[in-house]
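Below is one structure; the comments refer to it alone.
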Amino acid sequence: MPASICGTWEMISNVNFEGYMIALGIGPYLRKIALRLKLKKVIEQQGDLYVIKTVSTFKNYTFSFKLNQEFEEFTQGLDNRHVKSLVTWEGNKLVCVQTGEKKNRGWTHWIEDDKLHLELYCEGELCRQVFKKK
């Protein structure tokens, strides 16, 4: 069984977030604001339902899913797109593949060295974020 990703996590590093946001089509003004934010992740599991919250002083984003069940996701407050998302465990990594307007889009969460790692990818851009448990 993979390590639990549940808990409250504070960002300690954020590499190539701007490149990722450009790939999503996010404008320069919003990118400038987003680059200054220290994000917090709150991940909960309620039975077979996962809830992931991204919290900041500017905008919050919450979504929920069940493993291995495709769902419609509206990325409101991010790039405001409708995508179909599918989240699965692949080894010790929680992997989401998103299909929609943007190609090769998704994310991967995993625990390594007591830290939560997140890779966000879209159209060839890769952003790497690391969080420590609060």
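The values are calculated or read from the model by the stated rules, or taken from the named source; none is laboratory data. It should be emphasised that the depicted structure is a prediction, and the values quoted were computed from it without experimental measurement. Note that we place each Cβ from the backbone using ideal geometry, even for glycine, and neighbour counts take in every protein chain shown. Note: areas computed on protein heavy atoms with side chains; ligands, DNA, RNA excluded. Shrake-Rupley method; radii C 1.70, N 1.55, O 1.52, S 1.80 Å.
At-a-glance table
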| item | result |
| --- | --- |
| Euclidean distance of C-alpha centroids, the stretch 98-134 and the stretch 1-78, integer Å | 9 |
| FRET efficiency, residue 58 to residue 95 (Cβ-Cβ, R0 30 Å, nearest 0.05) | 0.65 |
| Accessible surface of residue 33 - all protein chains present, 1.4 Å probe, nearest 10 Å² | 40 |
| Carbon and sulfur %, accessible surface of the chain computed with the full protein complex present, 1.4 Å | 50 |
| Under 17 Å from the residue 10 label point (7 Å along Cα→beta-carbon), backbone N, the stretch 82-114 | 114 |
| Å² per residue, accessible surface of the chain at 1.4 Å | 56 |
| Difference of contour (0.36 nm per residue) and Cα-Cα distance, residue 48 to residue 70 | 6.5 nm |
| Theoretical ellipticity at 222 nm over the chain - DSSP helices of four or more residues, -39500 (n - 2.57) apiece, nearest 500 | -3000 deg cm²/dmol |
| Ratio Rg/Rh, restricted to the chain and using Cα atoms, in which Rh is the Kirkwood radius | 0.93 |
| Qualifying chymotrypsin sites (Phe, Trp or Tyr not before Pro) for the stretch 52-134 [loop in DSSP, other Cβ within 10 Å: at most 12] | 58 |
| Three semi-axes of the equivalent ellipsoid, the stretch 56-134, Cα gyration tensor, whole Å, largest first | 20, 16, 13 |
